[in-house]
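Step one of this worksheet: look at the structure below.
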Amino acid sequence: MKISADLTDRVSDAPSTNWVYRLLPRAVWPYAQLARWDRPIGWQLLLWPCLWSSALAANHLAAQDLLPVGLFIFHLVLFTIGAIAMRGAGCTYNDIVDHDIDMAVARTRSRPIPSGRVSRQQAKIFMVAQAFVGLLVLLCLNSFSIILGLCSLSLVAIYPFAKRFTDWPQFFLGLAFSWGALMGWAALEGALSSAAVVLYVAAVAWTIGYDTIYAHQDREDDALIGVRSTARLFGEQTKQWLIGFYGLTLLLLLAAFLLAGVGIPAYLGLALAAAMLVYQIVVLNIDDGGECLRLFKFNFHVGTIIFLGLIIALPFA
């Protein structure tokens with residue numbers, strides 16, 4: 001049976017109905033796949049800690065009648081652009097580093113580099129271009145935030161290698177992926193506070209939880225090629241570990257809300273998010289890759305609810 005060009009130009013774990021394949025020229029598809037534009041859940045999950053932090057700081061400033069509303073809205077736009085650009089740059093970097101591993105894993109061998117549709121040199125150029133967009137976004141923030149943002153680069157650089165030397169690569173992902181929980185607050189306040197730091201740790205715990213679910217899709221392939229993950233480490237005890245990490249996430253979010261002095265709607269949003277996290281643990285089947293992917297993506301809605309609660313809690317909302 002002849003395989004259509006449409007199918008050979010796509011990756012196995014992205015929906016074929018995505019806008020990338022409907023609107024972009026075919027020549028651009030491999031670069032869109034490197035940046036994961038056809039799988040937006042990555043930049044969406046990267047974005048939520050940024051938006052939570054910005055909204056948390058907005059609540060803190062609004063309580064003192066000090067909130068610059070226009071600047072707050074501008075930051076939400078900047079963080080969205082930055083999340084898309086830096087998630088794309090990070091994924092491209094990860095694919096450059098992991099091309100040998102991706103060749104050995106069924107779910108990833110159709111990606112642009114292992115499939116030969118993009119060379120490593122082309123991928124490097126594309127990575128730099130995306131990082132430059134992220135830099136332009138960063139330069140729109142205050143000087144403290146610029147320095148803080150640059151401090152995250154070492155974590156971003158380490159993460160792709162973590163699966164080679166530790167059973168906890170999801171922890172390193174959490175450290176890098178949650179940095180926005182510091183950035184949003186710093187961009188509005190010009191400094192950090194205990195509320196932002198607690199929010200950051202909460203986001204790290206959340207990331208470990210949802211990425212462990214995601215990693216169960218590749219558990220068997222990872223075992224064959226020696227790639228390490230919390231999915232392999234936790235195994236059949238994954239639900240118990242998720243209770244711990246998701247429970248810690250909720251407790252720390254509650255503490256951050258209390259420290260920032262947010263209003264009642266934020267706590268109602270947190271309660272609903274708690275129910276959504278419990279749901280994930282209850283229905284999780286680590287041997288069902290499709291279900292693991294669905295529950296991983298479900299965390300987009302968790303992030304949305306927490307953010308909406310913080311927005312509704314603002315005095316002008």
Ordering 178-184, 273-279, 25-31 by per-residue average of other C-beta atoms within 10 angstrom, highest first, gives 178-184, 273-279, 25-31
In whole angstrom, the spacing between the Cα centers of the range 93-121 and the range 258-317 equals 33
Mean Cβ-within-10 Å packing, highest first, puts peptides 186-192, 149-155, 97-103 in the order 186-192, 97-103, 149-155
Expressed in angstrom and rounded, the centroid-to-centroid distance over alpha carbons for the range 161-234 and the range 32-60 is 14
A correct Karplus calculation of ³J(HN,Hα) over the range 157-170, with 6.51 cos²θ - 1.76 cosθ + 1.60, θ = phi - 60°, whole Hz and x for Gly and Pro, returns 5, 6, 3, x, 8, 4, 5, 8, 10, 8, 7, 10, x, 5
For the range 237-253, Karplus-derived ³J(HN,Hα) couplings (6.51, -1.76, 1.60; θ = phi - 60°; whole Hz; x for glycine and proline) come out as 8, 4, 4, 5, 5, 5, 4, x, 6, 5, x, 5, 4, 5, 5, 6, 4
Restricted to pairs 8 or more residues apart or on different chains, the lysines in the chain with C-alpha atoms under 29 Å apart form a number of pairs equal to 5
Answer check: the chain, Cα atoms, Kirkwood Rh, Rg/Rh ratio of 0.97
Note on the range 201-291: C-alpha Rg/Rh, Kirkwood Rh, two decimals, gives 1.06
For the pair Trp19 and Cys140, the simple spin-label estimate (label points 7 Å beyond Cα toward Cβ) gives in nm 1.7
From fewest to most C-beta neighbours within 10 Å, the residues Lys239, Lys163, Lys297 line up as Lys239, Lys297, Lys163
Out of Ile101, Ala231, Thr304 - ranked by how far each Cα lies towards the positive end of the dipole of the chain, with unit charges on the beta-carbon of charged residues - the top one is Ile101
Between Ile147 and Glu220, the two model label points (7 Å from Cα along the beta-carbon direction) sit apart by a distance in nm of 5.2
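Every number in this text was worked out from the coordinates using simple rules, so none of it is lab data. Note that the structure is predicted; figures quoted are calculated from it, not measured. Using ideal geometry, Cβ is built from the backbone for each residue, glycine included, and neighbour counts are taken over all protein chains shown.
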